1. I'd like to know if region B:116-129 contains one or more residues that are more than 7 Å from chain A (Cβ to nearest Cβ), surrounded by fewer than 22 Cβ atoms within 10 Å (Cβ to Cβ) and among the charged types (D, E, K, R).
2. Name the residue, out of A:Asp372, A:Asp392, that is of a type in the set (Asp, Glu) and closer than 27 Å to B:Val69 by Cα.
3. For region A:308-320, check the following and say yes or no: at least one residue is in contact with a helix residue (DSSP H, G or I) (Cβ under 6 Å, 6 or more places away or on another chain), at pLDDT 90 or above and farther than 30 Å from A:Gly201 by Cβ.
4. If you check every pair at least six apart or on different chains, which have Cβ atoms under 8 Å apart with a residue in region A:269-291 that is within 12 Å of another protein chain (Cβ to nearest Cβ) and of a type in the set (Val, Ile, Thr) first and a residue that is surrounded by 18 or more Cβ atoms within 10 Å (Cβ to Cβ) and part of a loop (DSSP other than H, G, I, E, B) second?
5. Just to be sure, is B:Gly60 within 18 Å of the chain's Cα centre (by Cα), not in a strand (DSSP E or B) and not polar (S, T, N, Q)?
6. Identify the residue in region A:310-344 that is over 24 Å from A:Val123 (Cα atoms) and touching a residue at least 60 places away in the same chain (Cβ under 8 Å) and, among all such residues, is surrounded by the fewest Cβ atoms within 10 Å (Cβ to Cβ).
7. Within region B:60-77, can you find the residues that are of a type in the set (A, V, I, L, M, F, W, C), touching a Phe, Trp or Tyr at 6+ places or on another chain (Cβ under 7 Å) and within 16 Å of B:Ile32 (Cβ to Cβ)?
8. Among the numbered criteria (1) in a helix (DSSP H, G or I); (2) over 23 Å from the mean Cα position of the chain (by Cα), which one does A:Ser311 miss?
Amino acid sequence: MTAPTRPRGHASTDDPRVMLDEQIGVFEPIPPYPPRTEREAEFYTLGDGEMFINIGPQHPSTHGVLRIVLKIDGENVVDLDPVLGYLHRGVEKLCENADYHQAICYLDPLEYVSSLFCEWPGVMAFEKLLDVQVPRRAEYIRVLSSELNRVASHALFMGWMALDLGGLTPILWSFIERDEIVEMLASLTGQRMLFNYFRIGGVNGDLNHEFMSRLGDWMSRATSQIESNISLLNENEIFVRRMRGLGTMDTETALRMCMSGPNLRATGVPFDLRRAHPYSVFPELEFDIPTRTEGDCLARYLVRLEEIKQSLRIIDQCLHNMPDGPVMAKLPRLLRPRPGRAYAGIEGPRGQYAAYVVSDGTDQPFRMRIHDPSYLHLQSVGLLMPGHLIADAMAVMASLDPIMGGVDK
Amino acid sequence: MDPALRRRFERRFGERLTGPVRQRHDETELRIGAGDASEVIRALHDEPEFGFTFLADLAGVDTGTTMQVVYHFWGASTPDWLRLIVDGLPRDDPRVPSVTALWKGAEWMEREAYDMFGITFEGNRDLRRIYMPPDYQSFPLRKDFFLADDAARSPGAGVRHMEQTHAPRNATPAATIRRTKA
């Protein structure tokens with residue numbers, strides 16, 4: 001038997017055979033190749049008294065598999081270089097090799113904390129290509145289920161935020177909330193996390209008895225339960241003092257950094273696609289767009305808390321105005337939209353989720369572009385972290401709430 | 001749909017547009033060449049008549065014959081999404097001016113388009129691969145990059161090296177590359 005040989009020609013780090021004999025696994029901060037850009041050369045040159053510290057790729061505070069190379073001077077962060085790609089699955093390419101129905105289930109794991117918001121823009125773009133009219137009941141069910149998902153996502157954010165500041169209790173509390181919602185959605189969709197619930201032209205199933213009874217049960221005590229969770233943190237002086245004035249961003253910069261969602265609203269812009277570019281049945285629903293003007297970590301946190309309350313309002317209205325009728329439009333099984341292009345954007349718990357689809361007349365999308373806000377928010381970490389202590393830098397990152405599944409597509 | 005917006009675009013950019021202004025659902029679509037890109041985008045961003053201050057998306061597209069860079073904008077002056085297609089970039093060396101001077105946040109989106117399509121954004125100070133490893137050579141979202149058809153292989157056989165592009169054997173490129181008039 002011959003020993004395994006290295007592949008001829010170009011060797012890549014994604015080849016398992018290379019990993020075996022070269023002992024990759026120790027992450028040296030300074031890359032073993034010459035700098036590719038001006039910025040890389042500038043970053044990997046140490047100034048007086050500076051040093052590199054490598055965080056990740058497996059580190060609890062990075063919310064996924066992210067590696068950050070920090071350049072520090074004592075305890076202060078001078079600069080940083082996020083290294084992505086550890087979760088990159090090539091979802092866009094996979095979607096281009098699947099048919100329109102199959103593509104939907106690739107969208108779920110992008111944002112595993114709030115999956116429905118990833119399905120929605122994809123489905124909406126497909127519907128635009130096909131000129132499908134979605135039944136009103138289906139639209140209401142979509143709004144209802146996605147707002148529940150938004151509450152679950154924001155509830156988890158509260159816990160994470162505190163966890164990254166060193167408090168363990170809130171995440172245990174927020175998981176109670178999240179678990180109830182997730183179980184509720186599981187009885188509606190059949191899945192706990194990756195729901196795969198939205199379909200082109202409607203939703204997979206109508207509201208059922210178990211979901212409605214769970215929802216009614218939860219709604220009756222949701223407000224007081226969330227209030228008590230909130231009081232755990234909002235009245236904690238250590239928490240509030242640490243968050244205030246940390247990672248401040250002004251409106252101008254936030255727009256230049258292409259930020260959206262609560263992170264943009266925390267700088268004082270009432271930009272919410274549910275109002276700015278209305279879709280689905282949101283024009284019929286009453287809710288406010290909470291904003292803050294400080295633009296710091298505390299503002300980002302408080303905006304999300306307010307959004308939970310607004311989501312509860314929307315859920316309440318959905319339940320009262322839920323129309324009767326079908327939950328799916330009549331569509332052929334094999335979809336071949338006419339050649340064309342469609343873009344759909346929605347407001348998710350982290351910002352603008354969007355999909356751009358090009359059709360070439362076959363049953364597979366020709367190009368599927370997925371836009372995720374976490375990607376852009378993680379980028380702005382590079383702007384917010386420098387000047388802070390290492391411990392605070394993690395809090396800044398947690399307050400932006402990036403999800404690595406969405407960042408790495 | 002916002003017909004007034006179309007007329008404004010035709011009046012303002014008339015001869016620069018390389019195709020008709022198309023409108024469908026809530027989208028308005030402009031098409032320009034790479035030479036006019038930075039001027040047109042600056043006008044869309046700066047001029048109060050348009051005021052497209054929110055860059056919603058930046059995507060590369062490989063149509064099989066040419067490359068495109070597709071921008072989506074949101075502006076308060078119209079209820080439509082604005083789609084700007086920078087069209088007709090050559091596949092062997094696609095180049096467009098960077099928009100990082102207007103939106104610094106476009107830096108990573110441009111890096112992604114570079115990583116996936118090999119589109120060079122002139123003026124981006126940090127144009128390096130972002131998802132794929134630094135020594136990677138191919139551009140995975142191009143239409144001449146084929147997925148390895150190894151879903152049915154046994155796990156013990158290992159993962160096939162994904163760097164090469166796998167066109168079906170004995171097939172001419174014209175038959176295998178998916179093309180569309182996007």
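The values are calculated or read from the model by the stated rules, or taken from the named source; none is laboratory data. Just so we're clear, the structure is a prediction, and the values are computed from it rather than from any experiment. Heads up, the Cβs are rebuilt from the backbone with ideal geometry, glycines too, and the neighbour counts pull from every protein chain shown.
1. Yes, region B:116-129 contains at least one residue that is more than 7 Å from chain A (Cβ to nearest Cβ), surrounded by fewer than 22 Cβ atoms within 10 Å (Cβ to Cβ) and among the charged types (D, E, K, R).
2. Details: A:Asp392 fails: closer than 27 Å to B:Val69 by Cα.
Only one candidate qualifies: A:Asp372.
3. Yes, region A:308-320 contains at least one residue that is in contact with a helix residue (DSSP H, G or I) (Cβ under 6 Å, 6 or more places away or on another chain), at pLDDT 90 or above and farther than 30 Å from A:Gly201 by Cβ.
4. From residues that are within 12 Å of another protein chain (Cβ to nearest Cβ) and of a type in the set (Val, Ile, Thr), the pairs are A:Val269/A:Thr291.
5. Working: within 18 Å of the chain's Cα centre (by Cα): yes; not in a strand (DSSP E or B): no; not polar (S, T, N, Q): yes.
No; evaluated as a whole, the condition is false for this residue.
6. Among those residues, the one meeting the criterion is A:Asp316.
7. So in region B:60-77, the residues of a type in the set (A, V, I, L, M, F, W, C) come out as B:61, B:67, B:69-70, B:73-74, B:76.
Right, trim to touching a Phe, Trp or Tyr at 6+ places or on another chain (Cβ under 7 Å) and you get B:67, B:70, B:73-74.
B:Met67, B:Val70, B:Phe73 - these are the residues of region B:60-77 that are of a type in the set (A, V, I, L, M, F, W, C), touching a Phe, Trp or Tyr at 6+ places or on another chain (Cβ under 7 Å) and within 16 Å of B:Ile32 (Cβ to Cβ).
8. (2)
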